[in-house]
Amino acid sequence: MAEHQVGDYVKGKKFGSFEHDFEGEIEKVYENSVLIHILSYHDEDRILVGELNNRAIVRKDDAEPAKAEAK
């Protein structure tokens, strides 16, 4: 698996109170996890994402490369 880097767009697996997977950009890389700025998520998770200030810390193994959607 390629090493995660700041700026990579990834898909994060649902965890905790999340009902669905989400996508975003890596803001910081830690030893075993990454901080993701959540940019795309299911509407059912809207309130939770807001409470988390659009950020989540995810295990590196649970952050898979994804392609950003063109807007």
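General remarks:
- Computed on the chain, the Cα convex hull volume stands at 86 Å³ per residue.
- Listed residues 57, 38, 26, most fluctuating in the chain (Gaussian network, C-alpha, under 10 Å): 57
Taken together, the values in this text are just the output of simple stated rules run on the coordinates, not laboratory data. Since we're looking at a predicted model, the values are computed, not measured.
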